[in-house]
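The values are calculated or read from the model by the stated rules, or taken from the named source; none is laboratory data. Because the structure is a prediction, the values reported are computed rather than measured. Using ideal geometry, Cβ is built from the backbone for each residue, glycine included, and neighbour counts are taken over all protein chains shown. We work out accessible area using only protein heavy atoms, side chains counted, and drop any ligands, DNA or RNA first. Shrake-Rupley method; radii C 1.70, N 1.55, O 1.52, S 1.80 Å.
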Amino acid sequence: MSLEEIIPVQVEVEPTDLPDEDFMTNPSLAMDACFTAFDKDGDDRLSLNEFTLICRALFRNDKGHIYVVPSDRLEQMFAVFDKNEDGYIDREEFQFCWNQWIKTIVRPISAFLIVDVQNDFISGSLNISNCSAQQNGLEVIEPINKLLDTVDFDAAFYSLDWHPSDHVSFIDNIKQRPIHPTSPLNADNAQVYDTVIFAGPPPMKQRLWPRHCVQDSWGSELHKDLKVVEHGVKVYKGTNPEVDSYSVFWDNKKLSDTTLCGQLRLKGSTDIYVCGLAYDVCVGATAIDALSAGYRTILIDDCCRGVDLNDIESTKQTVISSNGVIVSSREVKAMVEGRDRRPELGYKLAMELKNSESDLSKNNACRRQSQQQAQQQQQQPSQ
């Protein structure tokens, strides 16, 4: 592995000084070579200007286009790695920058999260084409399948709404629970898609939906045309009759999480690609929770369909303002392979590295430990 493969940019290092086998047996050589290459004045430390050159090398696409990083963001990222706040990144500080930031940007661990591509949302009781946006849920299947066929994700997850028959969100169950006096609507005049307030305790806002995705029903099944990969993991949500669950991470009240959190930690995931149904409900809630948990989050626009056009736009703005990115499916392969590296995701990662308790920081620590163990095993003499 050459330095140009790690950060593809012309640097003042002769390739013959960096033999491939040394990178395999001594990864620190690559880190030292990178530091030296960008230490333009040779003072054994990196200034903000020299760090900016690293960012120009990092943040570019597979066509060589360099993404512009605003100066204030450059300064904020630089400050994360300038731990002693002396205005420079020394070699010891750069080790953290290299292992936790640069290596993740160049070699991300990517999870593909396909949300609720189920019969009821496509042609059943909650067919989203009958909602105000009039979008066809069936249209997400072809681009999702193409990604599954052509992109080497590190993990694939399929979420399923999996409701008991007495679920709180079903409009035909509205009289099973008392309505709070502050609710704008009561059990007699509320209609599908309205929001009521149940008495609780505590009082709880609830949007009302047609009965859908009842456990073990045809409507709850993944659509027959959706490709399910061999090692794909199914995640079930909305199983508590008293609490709705839009996000694949948590129920709406954050009372309990699903198996997704643990699975992502186990795999050391850094990047989550989110798509499916419905854009402005479960897909959006999942993307926002992924960002809140600290993951570099990518929303795949043409692999989503939604309920309400205004809510879809609001979802997009929330994702973007939280340092997520929205892309088309044709851009995904280069991003997963580390050839298209977005500055928004690099900034997101740097800000998360300030918080050692974030899921992404914990995943990076697990990833680093696994790599160290693998390297130690390779270095042990064979018996």
### Query
DSSP loop GluC sites (Glu not before Pro) in segment 24-118 with at most 12 other Cβ atoms within 10 Å of their Cβ, which ones?
Glu85
### Message
Using a 7 Å offset from the Cα along the Cα-to-Cβ direction at both Gln176 and Ser321, what is the distance between the two label points in nm, to one decimal?
### Response
3.6 nm
### Message
For a quick size check, give me the Cα extents of the chain along its three principal axes, largest first, whole Å.
### Response
77, 45, 42
## Note on the structure
Carbon and sulfur atoms account, in whole percent of the 1.4 Å probe accessible area of the chain, for 47 percent
### Message
Give me the percent relative contact order of the chain, please, defined on Cα pairs under 8 angstrom at least 6 residues apart.
### Response
18 percent
### Query
PRE reach from Ser314 (point 7 Å along Cα→Cβ): which of segment 181-205 fall under 17 Å by backbone N?
184, 193-197, 205
### Task
For segment 265-335, compute Rh as the Kirkwood radius over C-alpha pairs and then the Stokes-Einstein diffusion coefficient at 25 °C and 0.890 mPa s; write the answer in µm²/s, rounded to an integer.
203 µm²/s
### Task
With runs of 4+ DSSP H residues as the only contributors, calculate the mean residue ellipticity of the chain at 222 nm using -39,500 (n - 2.57) per run, divided by the residue total and rounded to the nearest 500.
-10000 deg cm²/dmol
## Note on the structure
Expressed per residue, the solvent accessible area of the chain in Å² (1.4 Å probe) is about 47 Å²
### Summary
Filtering trypsin sites (Lys or Arg not before Pro) in segment 57-97 by DSSP loop and by at most 13 other Cβ atoms within 10 Å leaves Lys63, Lys83
### Cβ charges +1 (Lys, Arg) and -1 (Asp, Glu), total dipole of the chain, debye
1060 debye
### Query
In the chain, what % of DSSP beta bridges are antiparallel (nearest 5)?
25 percent
#### Entry: Packing-based ranking, highest mean first, of 165-175, 337-347 given that Cβ atoms within 10 Å are counted
337-347, 165-175
